[in-house]
Amino acid sequence: MENDKMGRKKSYLIIALIMLSVLLFSGCNNFLKKENEKESEKENRQPLHTSDTISFHENEHFIIPNNAQEQLGFIPDTATSFTVDSKLKKKWMIDNESVDIVSLKSGMKQFTFNFIIDSLKDRDRHFRLFIFHNQKFIKFSINNKKYTYYDIHMKGNGSLKIPIRVQVSNNYDFSEYLPILIDKDQKQFFTENIPVTKVLVSKRNKNDFSKISSHIKLDNVQKIFKKENSKSNEFGLPSVVLLNDRFTPLKVEEVNKARYVRIDQSPHKMVEEIMFFDMEGNIYGVRGKQSLSYTLEQPKDQDFIIPIPKEITSSSKERFFLLINNNPREESFIHLNDIKKGKSNVFLNFANLYEIR
C-alpha cells in the first residue's frame, strides 16, 4: 500500500515537473503574469510599438518569470502563450496546475485570443506566424485584415501581444487552434524541440469532459510505415531522429541525406497528428502535396519510421518542418479527463515543431 502511494506521488511529481519545464511555452498560464498584477501597471505602461491591435511592451516579460533559472533550471530566450477575454476563459485544474480553455458562448461564429511572444534577446526578431486548425492552416484576421500567414517584426527584450481573430468550426463541440511561430532569422537543428501553443476551445458551458466521444479518423497511410521497438523515450515530449536511406541515424550536419524520420513517443498508445510543411504553408504527404495533416495512432513502446516526402528531399528550398501534435482536437479534452479521473498519470497534451531540412 505504501509503495502504491509513493508510486502515485511520483507520477504526479512527473506531471508537475513536465508541466513546469514545458508549459511555459505551450499555452497554459502557469507563468503568465496574473491579470490583477498587470492591471495595477496598466496606467504606467507605454507600449513602444503599437497599432490598432498589436502592442509591444519593452522590458516587460509577460511569460518568462524573473526567477526562471530557479524555477526551470534554465533561462529561455523566447516563450509563447495566449490570453482570452475573461468572459470566455475557464480553468481546468490538474494537481494544482491550471490549463486555460476557451469556452465559447452559444452562437459565436468567431472569437479573438491574444497571442503573446516574450523575448529576452536584446536584438530585433523576425517571425512568421501560421494558425493551424482542423488538420490544415487557416486564414485569420489581425486588425481586420485576413492573412494566410503573418510576418512579425519584434523589438528585442520585451513582450509582443497580437490579438488574433479566428472563425469557429461548426463541426464539433471541441477543437483547438495552434499558433505556429517560426524564427525567420535562425534555422533550428532537428534535435531541437520547438514548443507550439495549444488553444483549446469548447462549445460546452460546463467544464465536464467525461462524456466526449472521439470523432478522430486514422489515416490508412500509417499501415505502410515501418515500426521499431522504442529506443529511449520514457515519458513526456516526442523526440525526432533523421535517418538516411539505410535507416542509419544522421548527425545535424547531415540533414541533406535524410530520407526518413523516426518519431519516439512516450510509452503510451498515442493518437498524434503529423504534418510536413514549408515556409509558405504548403503541406506535403508521403504521396505528394496534400491539404491535410495525417492522424495516426502510435503503438505503445514502438517508434514510427516515416518516409520524408520526395518533394522535400529533392527540393532546392532551404527550410521544411515537421509538426507533431499529441492528442489532437477532442483527444486533448479526453486526455485531460483521463488525468482527472486517474486513468493517466502523465500530461501528454503537447504540440511540437521540428525543423528537418
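Given H placed 1.01 Å from N in the peptide plane, which residues other than close sequence neighbours of Phe137 have an amide H under 5 Å from its amide H?
Amide H neighbours of Phe137: none.
What is the sum of charges, Lys and Arg at +1 and Asp and Glu at -1, for the other residues whose Cβ falls under 9 Å from the Cβ of Pro309? Please list the in-between numbers first.
Numbers: positive: Arg287, Lys289, Lys310; negative: Glu311.
Taking every other residue near Pro309 into account, the sum is +2.
Treating the beta-carbon of each Lys and Arg as +1 and of each Asp and Glu as -1, no other charges, what is the dipole magnitude of segment 220-355 about its Cα centre, to the nearest 20 debye? Could you put the intermediate results ahead of the total?
Details: 20 positive and 19 negative charges, 72 e Å.
With Lys and Arg at +1 and Asp and Glu at -1, about 340 debye.
To the nearest Å, what is the center-to-center distance of segment 95-169 and segment 299-357, using C-alpha atoms only?
20
Through the Karplus equation 6.51 cos²θ - 1.76 cosθ + 1.60, θ set to phi - 60°, convert the phi angles of segment 158-173 into ³J(HN,Hα) values in whole Hz; use x for Gly and Pro.
Each residue's phi maps through the Karplus curve to give x, 10, 10, 10, 10, x, 10, 9, 10, 7, 8, 6, 8, 6, 10, 6 Hz.
Please express the Cα-Cα pair-distance distribution P(r) of segment 111-197 as a list of whole percents, one per 5 Å bin, running from 0 to the bin with the greatest distance.
Percent of pairs per bin, in order: 3, 12, 22, 25, 18, 12, 6, 2, 0.
In Å, what Kirkwood hydrodynamic radius results for segment 46-155 from the alpha-carbon pair distances?
Details: mean 1/r = 0.0608 Å⁻¹.
It is 16.4 Å.
What order, most packed first, do the peptides 62-68, 97-103, 167-173, 245-251 have when packing is the mean number of other Cβ atoms within 10 Å of each residue? Working shown, then result.
Values: 62-68: 16.9, 97-103: 20.3, 167-173: 13.0, 245-251: 11.4.
Peptide ranking by packing, descending: 97-103, 62-68, 167-173, 245-251.
Pop out the ³J(HN,Hα) list for segment 174-184 in order, Karplus 6.51 cos²θ - 1.76 cosθ + 1.60 with θ = phi - 60°, rounded to Hz; leave Gly and Pro as x.
10, 8, 8, 10, 10, x, 9, 10, 10, 6, 6
Please work out the FRET efficiency for the pair Lys155 and Asn207, using the Cβ-Cβ distance as r and a Förster radius of 45 Å; give the result to the nearest 0.05.
Details: r = 38 Å, r/R0 = 0.84.
For Lys155 and Asn207, the calculated efficiency is 0.75.
Beta carbons within 10 angstrom, averaged per residue: use that to sort the peptides 335-346, 255-266, highest first. Could the numbers behind the result be given before it?
Numbers: 335-346: 16.3, 255-266: 18.8.
Highest mean packing first, the order is 255-266, 335-346.
Would you kindly calculate the mean projected area, averaged across all directions, of the convex hull enclosing the Cα atoms of segment 55-117, in square nanometres? Numbers along the way, then the final one.
Details: hull surface 24.1 nm².
About 6.0 nm², averaged over all directions.
When the Cα atoms of segment 220-355 are enclosed in a convex hull and the volume is divided per residue, what value in Å³ results? Please list the in-between numbers first.
On the way: hull volume 14.8 nm³, N = 136.
Dividing the Cα hull volume of segment 220-355 by its residues yields 109 Å³.
Under 5 Å between amide H atoms, partner at least 5 residues away or on a different chain: which partners does Ser344 have, H built in plane at 1.01 Å?
Amide H neighbours of Ser344: Ile339.
The numbers here are math on the coordinates, done by the rules we state, and not lab data. Keep in mind that this is a model prediction, so the values were computed, not measured. Note that we place each Cβ from the backbone using ideal geometry, even for glycine, and neighbour counts take in every protein chain shown.
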